[in-house]
Amino acid sequence: MSGATEQQALEGVPVSGRCDPRFVAVRDAFRDNFVDRGEVGAGVAVFVDGRPVVDLVGGWADADRTRAWAPDTLVDVYSVGKALVALLALQLVEEGRIGLDDPVASTWPEFAAGGKAGATVRHALCHRAGVPAIRQPLTNEDLWDWDTMATALAATEAWWEPGTRHAYHTNTYGHLVGELVRRAGGGMPGDRLTALAGPLGADVWCGLPVPQQARCAEVIWAFGGTTPVVDYTGMSGDELMVNMGYVNPPGYSSMGVANSAEWRAAQVPSTNTHATASGVARIYRALLEPGRLLSADLLAEAASPQSVGFCPVLGEEVTFGLGFAPATPRRPFGPNPSAFGHFGTGGAVGFADPEAGVAFGYAMNHVIPRWQSSRNRALVDALYSCL
């Protein structure tokens, strides 16, 4: 990367890394996030045509602001991980171990219970499988155990006939797609992700080993982040489904457990992938290389609309691909309609834009619970102003 190393404090905020002079607007937007938009700690990384042009970190890895964010600081990137666990499943499709239109139960027989025999791998990948929530009451101790979670998910009665509608599988997505990966012979999703990320130099994990946890930033929830207590009395239908999807088990969305060793070590691929911004961007850079991670045809299918309509979980019209979210006017990544990726709670995002040759990663620790924020928007807008 050309350009001088950035190493300075802005109004007491440490900022470091490198930025190509052509992309100085991204550096300026990154600094402004700390001064004007409430950023605590973050990283942003950009590749253009395979070349690194931005790799910056700044701010603080803890709420007390005593530990500077370092290049190797890891943080929970939340639903950014959905696209990554989907990628693992898509690679198994490419290898012929599963088919997109095969029943999930052909690989995972127990999943046929509760009216789910017709759910296909495609349905699972695009939020149409009918299990955005587990019906059996579960505890956080259950959450730390993969087999318990997968068994409970397989036993859950479908909330609708699979394939007839969609609803965002906020937290169950990782256990649904991850167990498909495991049953198809891909191993545990966290292990397979590590094997994928290593050759790319991508610092991305699901199920963080204890020796790596010292690198984690503290997740700081803007509105407290304590474990919610929900009384389901009187709830039914979509209302019950949505609430159970978020908080059964109580810590399924990370609230109250996000900074615990148990959460960081567990494999909850939809919600607790930990990464650096550079690690996320490196995976998207590799996706832009035809055939490196996926064939061009399968990637194009995965990044195209597979299910369109109102989502009761997100409360709006939504377009789902096969794990990757296609760009839409409501959820753009940049100005180009061919871009694809995934946002995470609080604004973390990874995406690729084939038209512009862009691979982008952004990760932060101050979580305002929504998928898009003024911070990620400022960075993306600045990036495209430079192209």
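The values are calculated or read from the model by the stated rules, or taken from the named source; none is laboratory data. Keep in mind that this is a model prediction, so the values were computed, not measured. Using ideal geometry, Cβ is built from the backbone for each residue, glycine included, and neighbour counts are taken over all protein chains shown.
The residue pairs whose first member lies in region 45-64 and is modelled with pLDDT of 95 or more, whose second member is hydroxyl-bearing (Ser, Thr, Tyr) and in a strand (DSSP E or B), and whose beta carbons are closer than 9 Å, counting only pairs six or more residues apart or on different chains, are Ala45/Tyr362; Leu56/Ser16; Val57/Ser16; Gly58/Ser16. Meeting the requirement of 1 or more residues that are more than 30 Å from Ala286 (Cα to Cα), the helices (runs of 4 or more DSSP H) wholly within region 129-198 are 140-143, 146-155. Go through the residues of region 106-114 one by one and say whether even a single one is under 23 Å from the mean Cα position of the chain (by Cα) and in contact (Cβ under 8 Å) with a residue 24 or more places away in the chain. The answer is no, given that none of the residues of region 106-114 is under 23 Å from the mean Cα position of the chain (by Cα) and in contact (Cβ under 8 Å) with a residue 24 or more places away in the chain. Considering region 32-77 alone, what residues qualify as being touching a helix residue (DSSP H, G or I) at 6+ places or on another chain (Cβ under 8 Å), of a type in the set (D, E, K, R) and farther than 21 Å from His342 by Cβ? Scanning region 32-77 gives Asp32, Arg37, Asp72.
Before we move on, is Gly251 assigned by TED's automatic domain parsing to the domain that holds Leu176, farther than 30 Å from Gly163 by Cα and touching a residue at least 24 places away in the same chain (Cβ under 8 Å)? Lay out the reasoning, then the answer.
Working: assigned by TED's automatic domain parsing to the domain that holds Leu176: yes; farther than 30 Å from Gly163 by Cα: no; touching a residue at least 24 places away in the same chain (Cβ under 8 Å): yes.
In short, no.
Considering every residue within region 301-308, establish whether at least one is within 21 Å of Val46 (Cα to Cα) and in contact with a helix residue (DSSP H, G or I) (Cβ under 7 Å, 6 or more places away or on another chain). Looking through region 301-308, none of the residues is within 21 Å of Val46 (Cα to Cα) and in contact with a helix residue (DSSP H, G or I) (Cβ under 7 Å, 6 or more places away or on another chain). If the condition is being touching a residue at least 12 places away in the same chain (Cβ under 8 Å) and within 18 Å of the chain's Cα centre (by Cα), then region 316-329 contributes Val318, Thr319, Phe320, Gly321, Leu322, Gly323, Phe324, Ala325, Pro326, Ala327. Residues considered: Val44, Val93. Of these, the only one that is surrounded by 15 or more Cβ atoms within 10 Å (Cβ to Cβ), within 24 Å of the chain's Cα centre (by Cα) and in a helix (DSSP H, G or I) is Val93. Being closer than 27 Å to Ser254 by Cα, touching an Asp or Glu at 6+ places or on another chain (Cβ under 9 Å) and part of a loop (DSSP other than H, G, I, E, B) is the filter here; which residues of region 328-356 pass it? Across region 328-356, the qualifying residues are Arg330, Phe333, Gly344, Ala348.
Of everything in region 187-206, what is surrounded by 21 or more Cβ atoms within 10 Å (Cβ to Cβ) and either over 19 Å from Pro71 (Cα atoms) or touching a Pro at 6+ places or on another chain (Cβ under 6 Å) (or both)? Give them in sequence order. Pro189, Gly190, Arg192, Leu193, Cys206, listed by residue number. Checked against the criteria, Tyr173 does not count as touching a Pro at 6+ places or on another chain (Cβ under 9 Å), surrounded by fewer than 22 Cβ atoms within 10 Å (Cβ to Cβ) and closer than 28 Å to Glu317 by Cα.
Among the residues making up region 357-387, those that are among the aliphatic types (A, V, I, L, M) and either under 15 Å from the mean Cα position of the chain (by Cα) or part of a strand (DSSP E or B) (or both) are Val358, Ala359, Ala363, Met364, Val367. I'd like to know if region 16-31 contains one or more residues that are farther than 29 Å from Leu287 by Cα, modelled with pLDDT of 95 or more and either in contact with a helix residue (DSSP H, G or I) (Cβ under 7 Å, 6 or more places away or on another chain) or crowded, with 21+ Cβ neighbours inside 10 Å (or both). No; the residues of region 16-31 include none that is farther than 29 Å from Leu287 by Cα, modelled with pLDDT of 95 or more and either in contact with a helix residue (DSSP H, G or I) (Cβ under 7 Å, 6 or more places away or on another chain) or crowded, with 21+ Cβ neighbours inside 10 Å (or both).
Can you go through Thr107, Thr66, Thr73 and tell me which one is out of contact with any strand residue (DSSP E or B) (no Cβ under 9 Å at 6 or more places or on another chain) and among the hydroxyl-bearing types (Ser, Thr, Tyr)? Exactly one of Thr107, Thr66, Thr73 is out of contact with any strand residue (DSSP E or B) (no Cβ under 9 Å at 6 or more places or on another chain) and among the hydroxyl-bearing types (Ser, Thr, Tyr), namely Thr107.
Counting only residues that are charged (D, E, K, R) and either in contact with a Gly (Cβ under 8 Å, 6 or more places away or on another chain) or surrounded by 20 or more Cβ atoms within 10 Å (Cβ to Cβ) (or both), how many does region 326-354 have? Let's see the steps before the verdict.
Step one: list which residues in region 326-354 are charged (D, E, K, R), which gives 330-331, 353.
After this cut, where a residue has to be either in contact with a Gly (Cβ under 8 Å, 6 or more places away or on another chain) or surrounded by 20 or more Cβ atoms within 10 Å (Cβ to Cβ) (or both) as well, the list is 353.
Of the residues in region 326-354, 1 are charged (D, E, K, R) and either in contact with a Gly (Cβ under 8 Å, 6 or more places away or on another chain) or surrounded by 20 or more Cβ atoms within 10 Å (Cβ to Cβ) (or both).
On the stretch given as region 11-44, residues that are touching a strand residue (DSSP E or B) at 6+ places or on another chain (Cβ under 8 Å) and touching a residue at least 40 places away in the same chain (Cβ under 8 Å) total 17.
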